[in-house]
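Everything on this sheet refers to the single structure shown next.
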Amino acid sequence: MELTFDDAAVAKIQPHLGPDKKLLLTFEDGVGQYSQHAMIHMMIQFTLNVVAQTAPTDGYNVVVDSNLGPILIKDYSAEDLDEHLTVHLNQTLNTMQLSGDGGVIDSDMGFLDFTEKK
């Protein structure tokens, strides 16, 4: 499995990255500390998370290669993903779209940097 971020998405995400951080692609199912909510309706939703390199990532046991480096996912979330994935940034709305071989997977993928100071 591989994920390619377009240039605009790279420009949005890159400032949040560094050698002390890692990326997670979180299936929003309400399971785990990085999942924000469980969806009540039957909609697939993902969030791209930036976490500290030392942060616990229990359950994130599959590595996806990307042009931003390795991204960890929960193994069962692969069922909702395709072999070739892309992330496109809609610059007008400042939203990211996750797509695969079969089309759009999440038209408004979230982005959370858990390393930012509140």
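The values are calculated or read from the model by the stated rules, or taken from the named source; none is laboratory data. Computed from a prediction, not measured in an experiment: that's the story for all the values here. We place every Cβ from the backbone using ideal geometry, glycine too, and count neighbours over all the protein chains shown. Protein only, heavy atoms only, side chains kept; ligands, DNA and RNA dropped before computing areas. Shrake-Rupley method; radii C 1.70, N 1.55, O 1.52, S 1.80 Å.
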Accessible area of Asp65, 1.4 Å probe, to the nearest 10 Å²? 100 Å²
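Please compute the per residue accessible area over segment 66-118 with all protein chains in place, 1.4 Å probe, rounded to a whole number of Å². Each step should come with its number before you reach the end.
Numbers: 3070 Å² over 53 residues.
Computed with neighbouring chains in place, this is 58 Å² per residue.
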What does the accessible area of Asp80 come to, in Å² to the nearest 10, when a probe of 1.4 Å is used? 50 Å²
Tell me, what % of the accessible area of the chain is carbon and sulfur with a 1.4 angstrom probe? 53 percent
If I model a spin label at Lys117 and Asp58 as a point 7 Å from the Cα along the Cα→Cβ vector, what separation in nanometres do I get? 3.0 nm
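Tell me whether the chain comes out rounded, prolate or oblate; compute the Cα gyration tensor, take square roots of the eigenvalues as a ≥ b ≥ c, and use a/c under 1.5 as the rounded threshold. Write down the numbers at each step before the final one.
On the way: a/c = 1.28, a/b = 1.06, b/c = 1.21.
Taking the square roots of the gyration eigenvalues as a ≥ b ≥ c, the chain is rounded.
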Taking a spot 7 Å from the Cα of Ala11 along the direction of its beta carbon, which residues of segment 62-90 have an amide N less than 19 Å from it? 67-68, 87-90
To the nearest 500 deg cm²/dmol, what mean residue ellipticity at 222 nm is calculated for the chain from DSSP H runs of n ≥ 4 alone, each contributing -39,500 (n - 2.57), summed and divided by the residues? -1500 deg cm²/dmol
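For segment 50-118, which GluC sites (Glu not before Pro) are both in a DSSP coil and crowded by at most 16 other Cβ atoms within 10 Å? Spell out each step's value before the answer.
Details: sites: Glu79, Glu83, Glu116; in loops: Glu83, Glu116.
Taking segment 50-118 and a limit of 16 other Cβ atoms within 10 Å, the loop GluC sites (Glu not before Pro) found are Glu83, Glu116.
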